[in-house]
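Undergrad: I am attaching a structure below and will ask some questions about it afterwards.
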Amino acid sequence: MDQKKRFEELSISGAPKILTTPPGPKSLEILKMQEELESSAVSYPRGMPMALARGKGATLEDVDGNIFIDCFSGAGVMALGHAHPEVLKAAHEQIDKVTHTLDIPSDTRMKMVKTLRSILPKELSRVFFGGPTGSDAVEQAIKLAKFNTQRFGIIAFEGAYHGMTGASLAVTSDSGHKDGIGPLVPGVQFIPFPYRYRNPFGCPDDMVDEFAADNLERVLDDSHSGYSKPAAVILEPVQGEGGTIIPTPKFLQRVREITSARGILLICDEIQAGLGRTGKMFSFEHSGIVPDIITISKALGGIGFPISAIAYREELNTMPPAKSIGTFRGNMVAFAAGAEALNWMVENKVPEYATELGEKVMARFRETEKKSKILGEARGIGLMIALEMVEDKTTKKPSADLAKQVRKLAHQRGVMIEVGGHHNNVARLLPPLIISEELMMKAVDILEGVIKDLETGKSK
Ligand SMILES: Cc1ncc(COP(=O)(O)O)c(C=O)c1O
């Protein structure tokens, strides 16, 4: 079967199909129950009010029978879509054998390790499975960097999102997540990321990457900068929650040179941008560099099972046994599903497909940007795509309200997306990488229609 047909058959045909404007009556009942029983911190159903019944490929059906094109993939987790048949089969086979083994090896675990090794650069020869979430992987990466350098400072970037736990929250920039929580892990300092659209340096926009790298060099070399030599610099090679901010390869190359020359470790957080999302297996590969430590999670569990890992250079493999322990250090079902998914991704050239489809989507959105007064910038790499909404294109005044309206109207018309960015004004798309071209273009049509209606005042 050719790739086109194969990818088409993975999803529910005829999507989107809206029978009742979401949330429909059955969804409302369940949402009400959730509101009464769960924490006030519940977040996603506020932007996408619905209760879910089933998922297939790049489509999700709610309990009212509405079928949506999923352009969010559960925050980038479902890279191969929902209920992928081969991945499900691997998970089903494992679940009857053994499911939890701490870090005692098994064939399944070693298959996962070998599969992961086969997609990593040879320099990143060691893998470590810590706790199940992305935040756990970031904690491990920082711990490893501190232990190896015996230093404790970390430099992170404005716009960074690395997680919600102690050190991972400390290196996350959004004060919305940190205010009122009190002092976090000390020693973290932030510097500007090369965000061309909102150039933090006042230099010509095409020089923003150079200025950002020069600034890193300056704070490290100036003894009066207030920055002591850190253990590591941590960054997302493509920032996700910060608004899909895509630096040039040159920026990462410079950061690599600067950190290597000073014995500072470079941690690349690949939790969102990794595993095919940007058109390469890992997003640092666009620049040809090799970091010292990387973090991986989200799509790693194949079909939404939570696992995370770090991969790192041999010379950093210094922790004595049990230096860093934990109960959930790799789940057998997640390993079985994850190994199957990674192999499927390679065999079916999924990253290459993400590049091709992403370019077609961006060609459309760039045209929308030219015509629109409220779409400040459309940017994307592979199937990591963003629409930055503004009140006015000359002042670039961010509009969180417009981004929220895009999410709401898209949802009502059958497309699920999320919102992010420095000012919460960026509509973000992270569709499953196996979304068919037909479905993806339907989602683009709907989003273009939404932007047009918002602009003409037809929808509010
Ligand atoms: C780049 C990045 N790092 C870390 C995390 C944290 O992962 P988790 O939510 O699984 O803890 C995320 C989550 O969105 C992320 O996008």
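None of the figures in this text is laboratory data; all of them are computed from the coordinates on show. All figures in this text were calculated on a predicted structure; none of them were measured in a lab. Backbone-built Cβ (ideal geometry, glycine too); neighbour counts: all protein chains shown.
Undergrad: At a threshold of 8 angstrom on Cα-Cα distance, excluding pairs fewer than six apart, so keeping six or more, what relative contact order does the chain reach in percent? Before the final figure, lay out each step's value.
TA: On the way: 962 pairs, mean separation 97.6, N = 460.
Here the relative contact order equals 21 percent.
Undergrad: Please name which of Pro431, Leu375, Leu357 has its Cα lying farthest along the dipole of the range 349-460 towards the positive end, using unit charges on Cβ (Lys, Arg +1; Asp, Glu -1) and the Cα centre as origin.
TA: Farthest towards the positive end: Leu375.
Undergrad: Right, next: Report ³J(HN,Hα) in whole Hz for each residue of the range 102-107, in order, from the Karplus equation J = 6.51 cos²θ - 1.76 cosθ + 1.60 where θ = phi - 60°; Gly and Pro get x.
TA: Using θ = phi - 60°, the values come out as 6, 10, 6, x, 8, 4 Hz.
Undergrad: 222 nm [θ] for the chain, helices only, -39500 (n - 2.57) per DSSP H run of 4+, per residue, to 500?
TA: Mean residue ellipticity, 222 nm, calculated: -12000 deg cm²/dmol.
Undergrad: State the three equivalent ellipsoid semi-axes of the chain, derived from the C-alpha gyration tensor as the square roots of 5 times its eigenvalues, in descending order and whole Å.
TA: The answer is 33, 29, 20 Å, longest axis first.
Undergrad: What residues have an amide H closer than 5 Å to that of Ser308, excluding those fewer than 5 places away on the same chain, when H is modeled at 1.01 Å from N in the peptide plane?
TA: Here the answer is Gly130, since their amide H atoms fall under 5 Å of that of Ser308.
Undergrad: Which value does Rg/Rh take for the range 321-445 over its C-alpha atoms, Rh per Kirkwood?
TA: Result: Rg/Rh = 1.11.
Undergrad: Return Met110, Met78 ranked ascending by Cβ neighbour count within 10 Å, so the fewest neighbours appear first.
TA: Details: Met110 12, Met78 28.
Going from least to most buried by this count: Met110, Met78.
Undergrad: Can you list the HN-Hα couplings for the range 23-31, worked out from phi with the Karplus curve (6.51, -1.76, 1.60; θ = phi - 60°), rounded to whole Hz and with x for Gly and Pro?
TA: Working through the residues one at a time gives x, x, x, 5, 4, 4, 4, 5, 4 Hz.
Undergrad: Another question about this same structure. Inverting the mean 1/r over all pairs of different Cα atoms, compute the Kirkwood radius of the range 86-347 and quote it in Å. Working shown, then result.
TA: Working: mean 1/r = 0.0531 Å⁻¹.
Answer for the range 86-347: a Kirkwood hydrodynamic radius of 18.8 Å.
Undergrad: Give the peptides 191-200, 416-425 in descending order of average Cβ contacts within 10 Å, highest first.
TA: Listed from highest to lowest mean packing, they are 416-425, 191-200.
Undergrad: Let me know the charge dipole size of the range 349-460 about its Cα centre in debye, to the nearest 20, where only the beta-carbon of Lys, Arg (+1) and Asp, Glu (-1) is charged.
TA: Here the size comes out at about 340 debye.
Undergrad: Here's another thing I want to ask about it. Output the relative contact order of the range 233-354, whole-number percent, from Cα pairs under 8 angstrom with separation of 6+ residues.
TA: 24 percent
Undergrad: Taking θ = phi - 60°, what integer Hz values does the Karplus form 6.51 cos²θ - 1.76 cosθ + 1.60 yield along the range 396-408, in sequence order, with x for Gly and Pro?
TA: Per-residue couplings from phi come out as 6, 4, x, 10, 5, 5, 5, 4, 5, 5, 4, 4, 5 Hz.
Undergrad: May I pose another question? What is the magnitude of the charge dipole of the chain about its Cα centre, with +1 placed on the Cβ of each Lys and Arg, -1 on the Cβ of each Asp and Glu, and no other charges, expressed in debye to the nearest 20? It would help to have the intermediate numbers written out before the result.
TA: Numbers: 55 positive and 58 negative charges, 13 e Å.
In debye, rounded to 20, the chain gives about 60.
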